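Chemist: Got a structure for you, written out below as C-alpha cells; questions coming shortly.
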Amino acid sequence: MRKKSKVGLLIGLFFTVTGIVMFAFDASYILLGRTVDLNKVLEEGGELPRDKVVTYTCEVPIGNYAEMQTYINGIIPLPAKSQLYAMYDEYGGDGIIFSAKLRSKYKMAEFDSAVNDDTAKIKLEGRLMTIDNDAFGYLEQVCGDFSEENITLTYYVIDTTSSRIEWALMYLLITALGVFFLVMYFKKKI
C-alpha cells in the first residue's frame, strides 16, 4: 500500500489559515470601517501607522508625478493604471512630502482641480504603505528642490486603489481555495 501525499493537506491548511489571518488583520476596517486619522497623527507628531488603513484630508496637493501599473498582491497585472500624486503636510515641526496612489478618475480630476485652483480639500481613504525605489526616484525628480527647505521626502503612499469589498473578496477567495484543497484531500481518503 502506497502512502498518500500530504501536499494537498498542507496547501489547504496554508491557504485557509492565511486567508483567516489576513481577514482578522483587516477585520476592523472591512466589517466596521475603522480607520486611523492620519491628519491627527501628523498634527501630534506620532509614529506613522504603516500598513494600516488611514483617512486623510489633503490641504496642499503638489501634483501628479508618475503613472504606475497596478497589480493584485504585487503579482498579477491589471489593465488599469494608477497615478501617484505628491502631497505636503506638517509633521513633527517640519514639512513632509508623501504620496497618494489613485485609480479613480474622479479622484484624479479632484486632485488636478485642487492643484490648479488651490480650492478644495481632498479626502482620501486607503492603506498607508511605501512606494518602490523607481516611484521614489520620480518623486525626487519632481520634489527634490523642496528638500533644501526642511521638508522631508518620504516613501509613504496612501494606496486608495482597493476598497473594503475587494479586500473582503480576496480574503474569502484565499480561504475558499484552502477549503477546496482540504475537501479534495479528505475526499480522496474516504
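Chemist: List the pairs from Lys81/Lys188; Lys52/Lys188; Lys52/Lys105 whose alpha-carbon separation is above 32 Å, in the order I gave them.
Modeler: Pairs exceeding 32 Å: Lys81/Lys188; Lys52/Lys188.
Chemist: Pull out a ≥ b ≥ c, the square roots of the eigenvalues of the alpha-carbon gyration tensor of the range 35-85, then state rounded if a/c is under 1.5, prolate if not and a/b is larger than b/c, and oblate in the remaining case.
Modeler: Oblate is the answer for the range 35-85, as a/c is 1.5 or above yet b/c matches or exceeds a/b.
Chemist: Using modelled backbone amide H atoms (1.01 Å from N, in-plane), which distant-in-sequence or interchain residues come within less than 5 Å of Val36's amide H?
Modeler: Val53, Val54, Thr55
Chemist: Could you work out, for the range 24-155, what percent of all Cα-Cα pairs fall into each 5 Å distance bin, beginning at 0 Å and stopping at the bin that holds the largest distance?
Modeler: 2, 10, 18, 22, 23, 16, 7, 2, 0
Chemist: Treat the range 1-69 as a sphere of radius equal to its Kirkwood radius over Cα pairs and apply Stokes-Einstein at 37 °C in a medium of 0.692 mPa s; give the translational diffusion coefficient in µm²/s, rounded to a whole number.
Modeler: This corresponds to a translational diffusion coefficient of 201 µm²/s.
Chemist: Explain nothing, just compute: Karplus ³J(HN,Hα) = 6.51 cos²θ - 1.76 cosθ + 1.60, θ = phi - 60°, for every residue of the range 164-172 in order, whole Hz, x for Gly and Pro.
Modeler: Once rounded to whole Hz, the list reads 4, 5, 4, 5, 4, 5, 5, 5, 5.
Chemist: Another question, if that's okay. With unit charges on the beta carbons (Lys and Arg positive, Asp and Glu negative) and the dipole taken about the Cα centre of the range 36-159, which residue among Ile151, Tyr65, Gln141 sits farthest to the positive side?
Modeler: Tyr65
Chemist: Could you tally the net charge around Leu153, taking each other residue with its Cβ under 11 Å from the Cβ of Leu153, Lys/Arg +1 and Asp/Glu -1?
Modeler: For residues surrounding Leu153, the net value is -2.
Chemist: If amide hydrogens are placed 1.01 Å from N in the peptide plane, which non-local residues have theirs closer than 5 Å to the one on Thr130?
Modeler: Val157
Chemist: Ala66's amide H: which non-local residues (gap 5+, or another chain) put their own amide H closer than 5 Å, with H modeled 1.01 Å from N in plane and none for Pro or chain starts?
Modeler: Leu84
Chemist: Determine the gain in length on full extension of the stretch Leu9-Arg34; use 0.36 nm per residue of separation and subtract their C-alpha separation, reporting nm with one decimal.
Modeler: 5.5 nm
Chemist: Taking a virtual spin label 7 Å from the Cα of Leu78 along the C-beta vector, which residues in the range 106-141 bring their backbone nitrogen under 19 Å of it?
Modeler: Within reach of a label on Leu78: 106-111, 124-132, 135.
Chemist: OK, next. Computed FRET efficiency, Cβ-Cβ of Asp145 and Tyr71, R0 30 Å: what is it to the nearest 0.05?
Modeler: So the FRET efficiency works out to roughly 0.45.
Chemist: Now a separate question. Work out from phi, with θ = phi - 60° and the Karplus expression 6.51 cos²θ - 1.76 cosθ + 1.60, the ³J(HN,Hα) of each residue of the range 40-51, listed in order in whole Hz, and give x for Gly and Pro.
Modeler: 5, 4, 5, 5, 7, x, x, 6, 5, x, 4, 6
Taken together, the values in this text are just the output of simple stated rules run on the coordinates, not laboratory data. Keep in mind it's a predicted model, so treat the numbers as computed, not measured. Quick reminder, even Gly has a Cβ in these numbers, built from the backbone with ideal geometry, and neighbours come from all protein chains shown.
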